[in-house]
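Step one of this worksheet: look at the structure below.
Each value in this text was obtained by applying a stated rule to the coordinates, not by laboratory testing. From a predicted model like this one, the values you see are computed outputs, not experimental measurements. FYI the Cβ positions are ideal-geometry reconstructions off the backbone, even for glycines, and counts take in every protein chain you see.
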Amino acid sequence: MIDSKNIPEEAHVLIRNLEGRRGFLAKLSKSDPENFPSIKIKDTFVRYLDWTYRGRDQKEIRDINRRVFALMNRAATLANGSQDTAAVTSLYAHQQSGARPIDELPYSEFLKEVKTIIALCGKYRIKFKSVSGMQHGLGIPKTLDLDALLKWCKENEIELKSVTGMQHGLGIPKKVDLEWLLASQLKEEV
């Protein structure tokens, strides 16, 4: 964990809740909390929070913190309980033009999208980092678009990593572009 004096005052409750989650998981598994990794907080995350909190009232800040906690909490379920700020910073720290802000939707809809994305990652056995890398700076993807991409990859026996690697920060590709790319690749193989 980084030095707490660098963390914005408004984020102290968020950090305490994330650390508390570690203790809760240890208690559930009847293990020593030291067996669970501490949250990894990077400078980029601290700068993101500082920038995001600016000009917001306390109610809006609490809402942002709820969203950050929900996203990190859900993403950690895919990463063997490892809490890392990378999920948030990859999606939101360096927002591109036209990106979906973390507070674009009401909280209940945001949470539903996060849960759906995590469920899709589990269903298709992919890492959340593949999604967050592809969506770098764009916010969370629309769930219907992500589901369509994952189905297309499965149907065409294409490893998602090959798509997400070329799409880093470009978002979910259009199906027509993927079809063209696949057809081009097949022509080269013949």
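Which GluC sites (Glu not before Pro) in the range 108-190 sit in a loop by DSSP (not H, G, I, E or B) and have at most 13 other Cβ atoms within 10 Å of their own Cβ?
Working: sites: Glu109, Glu113, Glu155, Glu157, Glu159, Glu179, Glu188, Glu189; in loops: Glu157, Glu159.
Those that pass, being in a loop and sparsely packed, are Glu157, Glu159.
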From zero up to wherever the largest Cα-Cα distance of the range 4-189 sits, split into 10 Å bins and tell me the percent of pairs in each. 9, 34, 33, 17, 6, 1
Charge dipole of the range 4-189 built from unit charges on the beta carbon (Lys, Arg +1; Asp, Glu -1), centred at mean Cα; most positive-end Cα among Val163, Ile61, Phe24 is Phe24
Could you pull out every one of the aspartates and glutamates with an alpha carbon less than 18 Å from that of Lys30, ignoring same-chain neighbours closer than 8 positions? Glu19
Determine the relative contact order of the chain: mean sequence separation of Cα pairs under 8 Å and six or more apart, normalised by residue count, in whole percent. 18
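If the limit is 31 Å between Cα atoms, which of Lys123/Lys175; Lys129/Lys174; Lys27/Lys142; Lys59/Lys154; Lys40/Lys175 go over it? Please list the in-between numbers first.
Working: Lys123/Lys175 20 Å; Lys129/Lys174 20 Å; Lys27/Lys142 35 Å; Lys59/Lys154 42 Å; Lys40/Lys175 36 Å.
Too far apart for the 31 Å limit: Lys27/Lys142; Lys59/Lys154; Lys40/Lys175.
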Using 17 Å as the cut-off for backbone N distance, which residues of the range 32-76 belong to the label zone defined by a point 7 Å from the Cα of Glu109 along Cα→Cβ? 64, 67
Proxy exposure order for Trp51, Trp152 (fewest C-beta within 10 Å first) is Trp51, Trp152
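Taking the Cα centre of the range 4-189 as origin, sum charge times position over the Cβ atoms of Lys and Arg (+1) and Asp and Glu (-1), and report the length of that vector in debye to the nearest 20. Don't jump to the answer; show the numbers that get you there.
Values: 30 positive and 24 negative charges, 109 e Å.
For the range 4-189, the charge dipole is close to 520 debye.
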